[in-house]
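> Submitted below is the structure of interest, expressed as structure tokens.
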Amino acid sequence: MEKADILSMSYDEVIMALDALGEKKFRAEQIFQWLHVKKVTEFSEMTNISLELRTKLDTNFYIKRLNIAKRLESCVDNTIKYLYELDDGNHVECVLMDYKHGNSICISTQVGCKMGCKFCASTIAGFRRNLTPSEMLMEIYTAEKDSGRHVDSLVLMGIGEPLDNYTNVIRFLELLSSPKGRNMSLRHVSLSTCGIVPKIYDLAKLKTGLTLSVSLHAADNARRSEIMPVNDRWNVEELIGACRDYINETGRRISFEYAVISGVNDSERDADELAKLLRGINCHINLIPVNKIKERDFSADRRSVAAFCDRLSARGMNVTVRRTLGADINAACGQLRREYEI
């Protein structure tokens, strides 16, 4: 019999599984605490559970684990970048960052990415597979155990497109926020998407409380399609319509991510078009100086980014430039995996 991934199971599913094994319901809460609070990776570590039950658990289930293939720690700002090796030999990255408000972690949701954004290192090696809920959880739990730091907030902005792995990501969020387990408020979670419009509508209906971050990167269809192929499927107008619906359904402000690329989308006209597009929308614009990757000839000029920010601000937009963390360890997602697997 094939063992089941217990870390991906909901609390109710654990109850049903225990019932099938002839065990009491209250054991589920103990097991959930061991898995999601104490973060054990062996059933033998569950010391307040009988040896008989631990043996049953070990016979029927397994606890997902990730191996740290590489660990880079910044000498500048306490950022730690992890390259994890999965059970099947694939690799993903996550980044643990130190902010004034606490520790934040950026995790991956897929091995590789299908979306093909021209400036992104994650898409170059191609798409392999979706991550399971347990693998996403273990990105957090492994980083916490290794670093000794408690994660206070989370961004799904690493390798992969979260809404392309919608079912697993939603289960991951349910497990992360479960009162019986980790109990993290989803108001401390940001989910970044390149714009899979139908899933934005689906996510809005769930009213999870998370912050939706939309990778926009251009305000017109021609420019956006040049750098983001997803725009050929769902254009700017359709995307903005979905964003307005998300705000109306949830009452939550949206963050628009804009990677500033010299000579591509950083002109005064680009700023004016962006301000016009987003005027009247409850949003924040997060400007990101594009990360240099060796396979692409994209770069960002700091003075141009500052001027772009000032022009948007002068037009009444709520805009900031993202703080660069882990610059000395190339902390932008996709680069370490790419280098490791070449």
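The values are calculated or read from the model by the stated rules, or taken from the named source; none is laboratory data. It should be emphasised that the depicted structure is a prediction, and the values quoted were computed from it without experimental measurement. Positions of Cβ are backbone-derived with ideal geometry, glycine not excepted, and every protein chain shown enters the neighbour counts.
> Conditions first: (1) surrounded by fewer than 20 Cβ atoms within 10 Å (Cβ to Cβ); (2) at pLDDT 95 or above. Asp301 passes all but one, so which condition is the exception?
With respect to (1) surrounded by fewer than 20 Cβ atoms within 10 Å (Cβ to Cβ); (2) at pLDDT 95 or above, Asp301 is out only on (2).
> Next question. Go through region 176-220 and count every residue that is free of Cβ contacts under 8 Å to residues at least 40 places away in the same chain and at positive phi.
Number satisfying all stated conditions: 1.
> Another one. What do you reckon, is Leu176 buried (at least 20 other Cβ atoms within 10 Å of the Cβ), part of a helix (DSSP H, G or I) and assigned by TED's automatic domain parsing to the domain that holds Ile281? Even if it seems obvious, please write down each step before you answer.
Numbers: buried (at least 20 other Cβ atoms within 10 Å of the Cβ): yes; part of a helix (DSSP H, G or I): yes; assigned by TED's automatic domain parsing to the domain that holds Ile281: yes.
Against the criterion (buried (at least 20 other Cβ atoms within 10 Å of the Cβ), part of a helix (DSSP H, G or I) and assigned by TED's automatic domain parsing to the domain that holds Ile281), Leu176 qualifies.
> Among (1) closer than 26 Å to Ile107 by Cβ; (2) surrounded by 13 or more Cβ atoms within 10 Å (Cβ to Cβ), which single condition is Val76 missing?
(2)
> Against the condition surrounded by fewer than 20 Cβ atoms within 10 Å (Cβ to Cβ) and not in a loop (DSSP other than H, G, I, E, B), how does Ser104 come out, does it pass?
Considered against the rule, which asks whether it is surrounded by fewer than 20 Cβ atoms within 10 Å (Cβ to Cβ) and not in a loop (DSSP other than H, G, I, E, B), Ser104 comes out as yes.
> Take the conditions within 20 Å of Leu175 (Cβ to Cβ), outside any strand (DSSP E or B), of a type in the set (Val, Ile, Thr) and under 14 Å from the mean Cα position of the chain (by Cα) and apply them to Ile140. Does it pass?
Yes.
> Right, here's the next one. Looking at (1) surrounded by 14 or more Cβ atoms within 10 Å (Cβ to Cβ); (2) farther than 17 Å from Lys199 by Cβ, which is the only condition Gly280 fails?
(1)
> Continuing with the same structure: Determine if region 146-158 includes at least one residue that is more than 27 Å from Tyr258 (Cα to Cα), surrounded by fewer than 23 Cβ atoms within 10 Å (Cβ to Cβ) and among the charged types (D, E, K, R).
yes
> Here is a further query. Criterion first (at pLDDT 95 or above and loosely packed, with under 15 Cβ neighbours inside 10 Å) does Glu29 satisfy it? Steps first, please.
Numbers: at pLDDT 95 or above: yes; loosely packed, with under 15 Cβ neighbours inside 10 Å: yes.
Judged against the criteria, Glu29 is a match.
> I would also like to ask the following. Based on this model, can you work out whether Glu139 counts as more than 21 Å from Thr79 (Cβ to Cβ) and crowded, with 21+ Cβ neighbours inside 10 Å? Full working, then the answer.
Details: more than 21 Å from Thr79 (Cβ to Cβ): no; crowded, with 21+ Cβ neighbours inside 10 Å: yes.
Taking the combined requirement at face value, the residue does not satisfy it.
> Further question: Give me the pairs: first residue in region 221-233 and farther than 17 Å from Thr123 by Cα and in the same structural domain as Gly195 (by TED's automatic domain parsing), second residue assigned to a helix (DSSP H, G or I) and of a type in the set (Val, Ile, Thr), beta-carbon distance under 8 Å, and six or more apart or on different chains, which are they?
From region 221-233, the pairs are Asn221/Val236.
> Go through (1) in contact with a Phe, Trp or Tyr (Cβ under 7 Å, 6 or more places away or on another chain); (2) outside any loop (DSSP other than H, G, I, E, B) one by one and return the number of the condition Asp272 breaks.
All conditions pass for Asp272, except number (1).
> Against the conditions (1) part of a strand (DSSP E or B); (2) basic (Lys, Arg); (3) more than 16 Å from the chain's Cα centre (by Cα), where does Lys81 fall short? Just the number, please.
It fails just one condition, (3).
> Give just the number: which of (1) surrounded by 15 or more Cβ atoms within 10 Å (Cβ to Cβ); (2) small (Gly, Ala, Ser); (3) at pLDDT below 95; (4) part of a loop (DSSP other than H, G, I, E, B) does Gly263 not satisfy?
Only one criterion in (1) surrounded by 15 or more Cβ atoms within 10 Å (Cβ to Cβ); (2) small (Gly, Ala, Ser); (3) at pLDDT below 95; (4) part of a loop (DSSP other than H, G, I, E, B) is unmet by Gly263, namely (1).
> So, one more: Only one of these is over 19 Å from Pro133 (Cβ atoms) and assigned to a strand (DSSP E or B): Lys24, Lys70. Name it.
Of the residues listed, the single one that is over 19 Å from Pro133 (Cβ atoms) and assigned to a strand (DSSP E or B) is Lys70.
> For the condition touching a residue at least 40 places away in the same chain (Cβ under 8 Å) and in contact with a Phe, Trp or Tyr (Cβ under 6 Å, 6 or more places away or on another chain), what is the one hit in Val290, Val305, Val264, Val236?
Numbers: Val305 fails: in contact with a Phe, Trp or Tyr (Cβ under 6 Å, 6 or more places away or on another chain); Val264 fails: in contact with a Phe, Trp or Tyr (Cβ under 6 Å, 6 or more places away or on another chain); Val236 fails: in contact with a Phe, Trp or Tyr (Cβ under 6 Å, 6 or more places away or on another chain).
None of the others qualify; the one that does is Val290.
> Looking for something more than 15 Å from the chain's Cα centre (by Cα), within 30 Å of Phe26 (Cβ to Cβ), in the same structural domain as Gly112 (by TED's automatic domain parsing) and not small (Gly, Ala, Ser) - is there at least one such residue anywhere in region 161-169?
Within region 161-169 (the criterion being more than 15 Å from the chain's Cα centre (by Cα), within 30 Å of Phe26 (Cβ to Cβ), in the same structural domain as Gly112 (by TED's automatic domain parsing) and not small (Gly, Ala, Ser)), the answer is no, since none of the residues qualifies.
> Quick one: Leu53 ticks every box in (1) within 19 Å of Leu7 (Cβ to Cβ); (2) at pLDDT below 95 bar one, so which box is it?
For Leu53, the failing item is (2).
> In region 280-294, is there at least one residue being out of contact with any Asp or Glu (no Cβ under 7 Å at 6 or more places or on another chain), in the same structural domain as Ile170 (by TED's automatic domain parsing), in a helix (DSSP H, G or I) and at pLDDT 95 or above?
No, region 280-294 has no match at all.
> Take Asn183 and decide whether it is modelled with pLDDT of 95 or more and surrounded by fewer than 18 Cβ atoms within 10 Å (Cβ to Cβ).
Values: modelled with pLDDT of 95 or more: yes; surrounded by fewer than 18 Cβ atoms within 10 Å (Cβ to Cβ): yes.
Yes, satisfied.
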